[in-house]
Amino acid sequence: MSAGRRRAGLGLRLASAGVMAFLYFPLTIIFVYAFTTQSAGFRFPPPGLTTEWFGTAFRNPEIWAALRLSLSVAAVATAVALVLGSLLAAAVARTKFFGRDAISFIVLLPIALPGIVTGIALRSSIVLAGVDLSMWTIAVAHATFCVVIVYNNVVARLRRSSPFIVEASADLGATGIQTFRYIVLPNIATALLAGAILAFALSFDEIIVTTFTAGQQKTLPIWIFQSLFRPRQRPVTNVVAILVIAITFVPILVAQILTRDPATTMSQDRTR
Amino acid sequence: MAVVAEVPRAPASPPRRAGAFFYRHVRLKLLLLLLPGIVWFGVVYLGSLAALVVYSFYRLEEFTGLVVRDFGFGTYQELFTASNVDIILRTTLMAAAVTVVCGLLAFPLAYYMVRYASPAMKTVLYIGVLMPLWSSYLVRALAWRQILAGEGILFWALDKVGLDGVMRALLDVPVVGGPSIVQSYLGMLSVFVYLWLPFMILPLVAALERVPPSYLEASSDLGAPPQLTFRRVVFPLALPGLIAGSIFTFSLTLGDFIIPTFFGSSAFFIGTQVYTQQGVAGNLPLAAAFTVVPMVIMTFYLLTARRLGAFEAL
């Protein structure tokens, strides 16, 4: 702002602080109840504090199995999303063709439509096709809504970078593979990484589509969901919740920082 | 860029010829780039949506409990019985209420971020809003189950400041109230708002960032008091952002079955009904017909949103 930054009114500052507190306060509750000595309820303040639930969770093979399943589903879904998302992005970013807008729209659809729609649609076609529900059906479903994350990140990056660097590379005698390796890939690397991290986090946390595309398999969110119906050992659920927060929080933070700072690779290309 | 110079010059090798070939045949390159994605989304996703719509025209044989694959409108007649219409209305109203409350809470923070926050503060707030958006939805719902519990922190805090009577009075209000906050629509609304709020804040920030400060100066130079500037300049320009955000808050609420399972009365929502019909009841045709409702609602919503320019704020 040219006129200089004025100070916001007290009301506006309080409202903003209040909304931020509203967003973060509930997460602290997850931590508090992971340490409570009360096994069945949510008395506040907790009657006592203990770390025994962490041991209980650690010794539970079901939790380990769920964690392994969630990680493998997320890995497969992310890999598929990376390939499909970046190919589509490469097609859309530079060329104009009939139906280009439709691509962006269709890719967005799996997360724009309610989760139950995507979930039950995939389930009915899986059942219709006679395929057994397995880890792979979950991964296919997750990949479908993860593509848009990679796609958006890569499209945004390609639009910001100069279209001439690829031609310049070819003019200087590089093959297609060399141009990809030395020019295109360094340019979109951080966008790909950020997209991959976010897709991974999205898949790792997902429950609604998962419920419909899983058979007897239990991902970590499904384990948490089912544990909410159990009356005993409630703090164990909170321990697992902390695990989920820990696994997703730091990578997401990294992804946000990667996408917010485009200066590193781009400006070098422009200035040199 | 330095790396360009390092690229060795090679004679016309196969990869080079391939590169030249694709440079000349842009359409073919385009087709190859598009093919995997189009096949995946065309077959896996759109195919599934089509299968779902087809399923909604099948019906469940009452006696055998098997799905009869005859094309008909029987399931839709069942969909439009009074109790099912109630479910649709209840869910849509909840989605609308969630959207409005999200908009009201998002505006001050978004406005503060764009107009007043220092660049460093803005980055902190921006990432602060983004983090919950990406982090576990179920974990955050779990947190609310514990906050709203009868012996939990909310009532403990209200009791400390002597406002527990106010809460009890609120719970006595018909419709929004209930036997406890967890079992009330008020509780359900709070949880939905909490979960989807970041989805409203971010597009709103994007829209507000596009309002040139000079417009505000011009408005006040021409004598408009702040409220008038807000109503006639800021709000109309922020509207695409609000609509973009509302796509998420509305759609996510319409399709949720986790929150209505744990919060609110035992009354069904679209999500819980779909879940029950396809699972316990084994009535996939009715479940499919129920999901066609949010699909139709969201299609109209998206078309309207696009006309109002909301996609530019996404």
inquiry  = Please compute the Kirkwood hydrodynamic radius over the stretch B:174-314, one decimal place, Å, based on all pairs of different Cα atoms.
reply    = 17.5
key: Computed Rg/Rh of the stretch A:126-170, alpha carbon atoms with Kirkwood Rh   = 1.33
task = Using the 2.2 N^0.38 Å rule of thumb for compact globular proteins, work out how the protein assembly as shown stacks up: its C-alpha Rg over that value, please.
result = 1.04
ask   = Spin-label point model (7 Å from Cα, Cβ direction): what's the residue B:227 to residue B:160 distance in nm?
value = 3.7
key: Spherically averaged projected area of chain B from its Cα convex hull (nm²)   = 27.4
request  = Mind pulling the angle between the C-alpha long axis of helix A:100-112 and the longest principal axis of chain A? Nearest 10 degrees, somewhere in 0 to 90.
outcome  = 10
task = Within the stretch B:61-99, find all residues whose amide N lies under 20 Å from a label point positioned 7 Å from the Cα of residue B:300 along Cα-to-beta-carbon.
result = B:76-99
Relative pair counts by distance (%), Cα atoms of the stretch A:126-272, 10 Å bins = 10, 28, 26, 19, 12, 4, 1
inquiry  = Mean-square fluctuation check for chain A, GNM, Cα pairs under 10 Å: which of A:192, A:128, A:228 is largest?
reply    = A:128
ask   = Taking each residue of B:206-218 in turn, how many C-beta atoms of other protein chains fall within 10 Å of its C-beta, and what is the average?
value = 1
message = Over the stretch B:116-272, what is the relative contact order in percent, taking alpha-carbon pairs closer than 8 angstrom and at least six residues apart?
response = 25
request  = Give me the angle, in degrees from 0 to 90, between the Cα long axis of helix A:234-260 and the longest principal axis of the Cα atoms of chain A, rounded to the nearest 10.
outcome  = 20
Selected from B:214, B:48, B:246 as most flexible by GNM, with chain B as the system and alpha-carbon contacts under 10 Å = B:214
inquiry  = For a quick check: with amide H placed at 1.01 Å from N, whose amide H comes under 5 Å from residue B:264's, ignoring anything fewer than 5 positions away on the same chain?
reply    = B:183, B:184, B:188
query = Over the alpha carbons of the stretch A:1-124, what is the largest minus smallest coordinate on each principal axis, giving the biggest first in Å?
reply = 65, 57, 24
message = At a 10 angstrom cut-off on C-beta neighbours, averaged per residue, how do the peptides A:40-53, B:106-119, B:195-208 rank from highest to lowest?
response = B:195-208, B:106-119, A:40-53
inquiry  = So, R0 is 35 Å and r is the distance between the beta-carbons of residue A:216 and residue B:151; what FRET efficiency does that work out to, to 0.05?
reply    = 0.50
key: Relative contact order (%) - criterion: Cα under 8 Å, at least six apart; region: chain B   = 24
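For residue A:98 and residue A:25, what is the calculated FRET efficiency with R₀ set at 51 Å and r taken between the beta-carbons, to the nearest 0.05?
Computed FRET efficiency for residue A:98 and residue A:25 comes out at 0.55.
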request  = Rank B:153, B:87, B:297 by mean-square fluctuation in a GNM of chain B with C-alpha springs under 10 angstrom and give only the top-ranked residue.
outcome  = B:153
Distance in nm between pseudo-label sites at residue A:10 and residue A:54 (7 Å out along the Cβ direction from Cα) = 4.3
ask   = What is the Cα centroid distance between the stretch B:116-187 and the stretch A:164-234, reported in whole angstrom?
value = 31
query = Which order do peptides B:61-67, B:29-35, B:137-143 fall in by mean Cβ count within 10 Å, highest first?
reply = B:137-143, B:29-35, B:61-67
request  = From other protein chains only, count the Cβ atoms within 10 Å of every residue's Cβ in A:66-79, then give the mean.
outcome  = 0
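Can you check how the C-alpha radius of gyration of chain A compares to 2.2 N^0.38 Å, as a plain ratio?
1.24
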query = Which far-off residues, 5 or more places away or on another chain, put their amide H under 5 Å from the one on residue B:59, with H placed in the peptide plane?
reply = B:68, B:70
ask   = If R0 is 30 Å, what FRET efficiency do you get for residue A:40 and residue B:83 from their C-beta distance, rounded to 0.05?
value = 0.30
inquiry  = Tell me the relative contact order for chain A as a rounded percent, counting alpha carbon contacts under 8 Å between residues six or more apart.
reply    = 30
inquiry  = Taking only complete DSSP H runs, can you tell me which helices of chain B stretch 24 Å or more along their own long axis by Cα positions and average at least 0.5 on the Kyte-Doolittle scale?
reply    = B:82-115, B:185-209, B:235-254, B:284-307
Shielding by other protein chains, A:18-28, mean Cβ within 10 Å = 6
task = Place the peptides B:280-287, A:170-177 in order of packing, highest mean first, counting for every residue the other Cβ atoms within 10 Å and averaging per peptide.
result = B:280-287, A:170-177
query = Taking Cα centroids, how far is the stretch A:3-57 from the stretch B:31-110 in Å?
reply = 36
query = Using Cα atoms only, what is the angle between the long axis of helix A:115-128 and the major principal axis of chain A, expressed in degrees (0 to 90) to the nearest 10?
reply = 90
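Every number in this text was worked out from the coordinates using simple rules, so none of it is lab data. The structure displayed is predicted, hence computed values, not measured ones. Glycine also receives a Cβ, built like all others from the backbone with ideal geometry; neighbour counts cover every protein chain displayed.
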